[in-house]
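These notes are about the structure you will find just below.
The values are calculated or read from the model by the stated rules, or taken from the named source; none is laboratory data. Note that the coordinates shown come from a computational prediction; the quantities given were computed from them, not determined experimentally. Cβ placement follows ideal geometry from the backbone for every residue including glycine, while neighbour counts extend to all protein chains displayed.
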Amino acid sequence: MFDAGLPREEGAESLTRRVFLFGAVAAIVGAAVWRYEESQRSAVKAAADNRPANVSIVEFSNAGARQGLTQVPRIIKTDDEWRVQLGRSVFEIARKGDTEFAFSGEYWDWEEKGLFRCVCCQTALFSSAAKFNSGTGWPSFYEPIAKENIATREDRSFGMTRTEVSCRRCDAHLGHVFEDGPPPTGLRYCINSASLTFFKFS
């Protein structure tokens, strides 16, 4: 009934080709619709964000000198905009709360002197002066460079209760903070390398 006068092999091949093409088109349309809906959800979320449009952070020079507290615009972008800026792997960590594998990040054993800034918005987050070897395989710091530049919240994902650390200006996911660090704070800010950009002291 399907071969319309064609030899059986040709009719079957034509049917298979049509099924494949239909499936490919359906997949492309489905992906486009999903991306559009995701973009719309992000836009709605950003519009519904009733937090202040500006935040107060402490600025630092490239030499690590504290330059004072300043008001800056909060950075809000759609997932598509962040994905284009960061690339897929960094996006999944910095914007979606994923975690890089231990001992895989660029900065876990980094020893140069400088500033670690947010990969998303360049806000100063940590100084190499507070970095220590925790043996965990992630960059670890006993304090942020300025408490005003980070935010924390309770994280109950994966059946655990932890304290998540994020960038105050753009809400980038940085990692978690634990109470098993060295003096003088006793804290360990366990941070993903992918969420950071290093600037050597100049």
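Tally the residues that are outside any loop (DSSP other than H, G, I, E, B) and either small (G, A, S) or closer than 22 Å to Q67 by Cα (or both), restricting the search to segment 80-136.
Matching residues across segment 80-136 total 15.
The residue of segment 76-96 that is nearest to C167 (Cα to Cα), among those that are touching a residue at least 24 places away in the same chain (Cβ under 8 Å) and of a type in the set (D, E), is D79.
For (1) assigned by TED's automatic domain parsing to the domain that holds G175; (2) at pLDDT 95 or above, each residue gets a yes or a no:
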position	(1), (2)
S42	no, no
N62	yes, no
T78	yes, yes
E81	yes, yes
G87	yes, yes
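Within segment 170-202, can you find the residues that are part of a loop (DSSP other than H, G, I, E, B), under 13 Å from the mean Cα position of the chain (by Cα) and not hydrophobic (A, V, I, L, M, F, W, C)? Walk me through it before giving the result.
Restricting attention to segment 170-202, the residues satisfying the condition of being part of a loop (DSSP other than H, G, I, E, B) are 170-172, 179-187, 192, 201-202.
In the following step, the residues that additionally are under 13 Å from the mean Cα position of the chain (by Cα) were identified as 170-172, 192.
D171, N192 - these are the residues of segment 170-202 that are part of a loop (DSSP other than H, G, I, E, B), under 13 Å from the mean Cα position of the chain (by Cα) and not hydrophobic (A, V, I, L, M, F, W, C).
Scanning segment 137-156 for residues that are in a loop (DSSP other than H, G, I, E, B) and modelled with pLDDT of 95 or more yields G137, W138, P139, Y142, E143, P144, I145, A146.
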